[in-house]
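A quick write-up on the structure given underneath.
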Amino acid sequence: MPIYRRMPKRGFKNPFRQSYGVLNVDALEKLSSHSVIDIDLAKNNGMIRKRDTLFKILGSGTISSPVTVVAHAASASAIAKITAAGGKVRIIGFPEEEERA
């Protein structure tokens, strides 16, 4: 019997997948006592999982206090809501790119 018939057909797992730790804008309101919100602060406060290496901000909810957010990605609505509250969003590169530089 040929080997392609003997091998199990179970699907595909992408080894290059990048999973983001996702944080909504309304969760930033809980962390607004800090001036700068980054991935380390979100991990230490239990907002995202420890194993997540990338950090993304989504636009669900509202924010009233100005904060500076440092993330790997952010949606357009999240950027609009944070800047409307007087805050700033800084997008940084992926960790693999920073190690090479």
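The values are calculated or read from the model by the stated rules, or taken from the named source; none is laboratory data. Keep in mind it's a predicted model, so treat the numbers as computed, not measured. All Cβ positions, even for glycine, are placed from backbone atoms using ideal geometry, and neighbour counts span all protein chains on display. When the accessible area is computed, the model is the full protein with side chains, heavy atoms only, and any ligands, DNA or RNA have been set aside. Shrake-Rupley method; radii C 1.70, N 1.55, O 1.52, S 1.80 Å.
Within the stretch 77-89, being among the basic types (Lys, Arg) and surrounded by 18 or more Cβ atoms within 10 Å (Cβ to Cβ) holds for one residue alone: Lys81.
Residues satisfying the criterion are present in the stretch 34-44 (criterion: of a type in the set (Asp, Glu) and open to solvent by 30 Å² or more (accessible area, probe 1.4 Å)).
Checking each residue in the stretch 20-33 for being open to solvent by less than 50 Å² (accessible area, probe 1.4 Å) and assigned to a loop (DSSP other than H, G, I, E, B) picks out Leu31, Ser32.
Taking (1) open to solvent by 50 Å² or more (accessible area, probe 1.4 Å); (2) assigned to a strand (DSSP E or B); (3) among the aromatic types (Phe, Trp, Tyr) in turn, Phe16 satisfies each apart from (2). The set of residues in the stretch 21-34 being over 21 Å from Gly93 (Cα atoms) and among the small types (Gly, Ala, Ser) consists of Ala27, Ser32, Ser33. Of all the residues in the stretch 49-76, those that are over 15 Å from Gly93 (Cβ atoms), open to solvent by less than 60 Å² (accessible area, probe 1.4 Å) and either among the hydrophobic types (A, V, I, L, M, F, W, C) or not in a loop (DSSP other than H, G, I, E, B) (or both) number 6.
Residue by residue, here is whether (1) among the aliphatic types (A, V, I, L, M); (2) modelled with pLDDT under 85; (3) under 19 Å from the mean Cα position of the chain (by Cα) holds:
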site	(1), (2), (3)
Met1	yes, no, no
Phe16	no, no, yes
Ile39	yes, no, yes
Met47	yes, no, yes
Lys50	no, no, yes
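Within this structure, Gly46 passes the test of being of a type outside the set (D, E, K, R), part of a loop (DSSP other than H, G, I, E, B) and closer than 12 Å to Gly21 by Cβ.
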